[in-house]
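Every read-out reported here was derived from the displayed coordinates using simple, explicitly stated rules and does not represent laboratory data. All values derive from a computational prediction rather than experimental measurement. So basically every Cβ, Gly included, is an ideal-geometry build from the backbone, and we count neighbours across all protein chains shown.
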Amino acid sequence: MKFKFIFASALIAAAAIPAVAQTHVEGEEYYKADQIANAKELLNRNMNNAGTDKAVSNYYLGLIALEEGNKAEAQKFFNDGVAANPEYAYNYVGLGSLDLLKGDKSAAEKQFKEAESKEKKSASLNIAIARAYYNADPVAYSKEIEKRIEKARKTNMQEADIYLFEGDRKKDVKDYGGAAGQYEMAANYDPNATEAYVKYANLFTQVNPQYAIDMLNKLLSVNPTSALAQREIANAYYNAGQFNEAAKQYGDYVKNPNHFKQDEDRYAFLLFYGGDYQKGYDYSTALLQANPSNFTAKRYQFMNAAQIKEMQDQLLPMAESLVATHKADPSNKFAPIDYILIAQEYNTAKRPQEAQALLQEAIQEMPDNREFYKQLAMTYVEENNLSKATEAYEGYLKNSEKPGYNDFIQQATFAFYAGVENKANDPAAAEKYYAISQDYANKAAEILPDNYKPKKFEGDIAMQKATEETVASVAVPYYTEAIRLLEASQDPSRYASDAKLMYNYMGNYYLDQKDIEKAKEYFNKYLELDPNNEQYRKFVEGLK
């Protein structure tokens, strides 16, 4: 990924699955799986579609209205359901539920009796009535609940609804193991009971995602076109951190006509974080073609493009468009990655001040995000303002839970060059930054005492603070120790720039001391790292 300091078209119709009818069934599935808002959307969306049973749709919309506390609306839905099909039993159960909530048990029982006259000897109907009592008052109506469960068992003890209800009751008292067992039994008795698999999976999707994945794969094997099943297994893979597999499953799901628009954004997200950048770019572009005001699609189009080498020359206009859309409407929020990638693009375009303004906004929005400070420091480096870079990087360190060796060395480097930057015009500021540099070099040495770099910083700082008379010798003790550490624990060729600087300094020091052999020793070490430097070689060979 391109992280320097952090880490509705033919394009989405490929490998199409068989067409799926859009009826009341999908909304019913979502309701039974306790996804009320999604159930409501689908039931309303599909109400007038061919194949939809309006009596069923109205029943579930009535139950949803009850859960939302809207009794008047619930009454209307149940009455509309009865009008659509007087022989459908369950709307009478819904009306009985309302009577129970009013405290009129007698009226409720009349409605339940009417329901039973429409669907005799039905275990499922008895469980629906048990739920009505349970939802009204599980304690006051405990006898009625148990009576209905017993009646359901005598009618058909393999009815999945029995075990779903028992599972829900166990879940309500936080007996999650018991609930899982009941949901598993429901699925065993009725392999087509989609909600049983989903309820089971939801118990495990956070704590043991593989259990959820295994159960949902069973569901897909019996109902491969279920939008609910496709969505849930995609989310289970996501919770397991398996972004590539999650993206694959979401790819199937978003081709299902019963998918939700907001899930298109999740698919774009998964394609990006799963590393499928070209597909993510193409999908986001297709979403934008269908809806040019889709800000999330625009964000993911840019994010994915930023990872595609062939698109580097197109990134700046995308970044500018994103910023303009963001500024025009504050509800178009950026995530941390947006701020960072756009700032990088401005930096690449040699527009560090715009990058700084964006990152300063990011810090105001999310002051605890350390990456903003780190990126801000680099924008100041881009314009050769090491004093500001040091200040910005201090924010990165302050917000880092446990800064490491490289973090301290980076700040020591910034502060050292900030000292050099201020040396001529503000000696007091220079002293301040040299002290900061030494402090962080010392902190780095505490972490890796055998590393040469902190000791070299002491020599570098000493040279900057030295007089003209002492500059040629003041770093000797520090560089001597730094060279010892470097040669003892690391390969000097890996750090050739630092090593050559120190070898050359030490060689010249001994040359001034008339110790030609010692001078040659250091100069020859320099040549080992730069063997093609003929001018340097002739200089060394000429020493006598």
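Assorted remarks:
- Unsatisfied cross-links (Cα-Cα over 29 Å) in the set LYS402/LYS525; LYS76/LYS154; LYS76/LYS120; LYS40/LYS147; LYS327/LYS432: LYS402/LYS525; LYS76/LYS154; LYS40/LYS147; LYS327/LYS432
- Rounded to the nearest 20, the size of the Cβ-charge dipole of the chain about its Cα centre is 800 debye, with Lys and Arg at +1 and Asp and Glu at -1.
- Estimated FRET transfer efficiency when R0 is 30 angstrom, pair ASN49-SER221 (beta carbons, to 0.05): 0.65
- Calculated on C-alpha atoms, the gyration radius of the stretch 165-258 divided by its Kirkwood radius gives an Rg/Rh of 0.98.
- Percent of alpha-carbon pairs separated by more than 17 Å within the stretch 25-153: 56 percent
- Efficiency of FRET from Cβ geometry, ASN384 and PHE539, R₀ 41 Å, rounded to 0.05: 0.80
- Ratio Rg/Rh [Cα only; Rh per Kirkwood] for the stretch 441-544: 0.99
- Here the stretch 302-428 is treated as a Stokes sphere of Kirkwood radius computed over C-alpha pairs; at 10 °C and 1.306 mPa s its diffusion coefficient rounds to 102 µm²/s.
- Cα lying deepest toward the dipole's positive end in the chain, options ALA212, ILE461, SER124, charges on Cβ: SER124
- Each Cα pair under 8 Å and six or more residues apart adds its separation to the average, and for the stretch 190-275 the resulting relative contact order is 23 percent.
- Seen from every direction in turn and averaged, the convex hull around the alpha carbons of the stretch 364-506 projects onto 9.3 nm².
- Distance between the stretch 409-481 and the stretch 280-325 - C-alpha centres, whole angstrom: 45 Å
- Here the stretch 359-388 and the stretch 46-79 have alpha carbon centers that stand 53 Å from each other.
- Considering only ALA430, VAL420, TYR522, the residue lying farthest towards the positive end of the dipole of the stretch 419-544 is TYR522, judged by Cα position with unit charges set on Cβ.
- In a reduced charge model with +1 at each Lys and Arg Cβ and -1 at each Asp and Glu Cβ, the stretch 190-275 shows a dipole moment near 60 debye about its Cα centre.
- For Cα extents along the principal axes in Å, the candidate list reads (i) 117, 45, 43; (ii) 80, 62, 60; (iii) 80, 77, 40; the entry that matches the value derived from this model is (i).
- Ranked list, fewest to most other Cβ atoms within 10 Å of each Cβ, for LYS40, LYS143, LYS71: LYS143, LYS71, LYS40
- FRET efficiency for the pair ARG153 and GLU431, taken as 1/(1 + (r/R0)^6) with r the Cβ-Cβ distance and R0 = 60 Å, rounds to 0.10.
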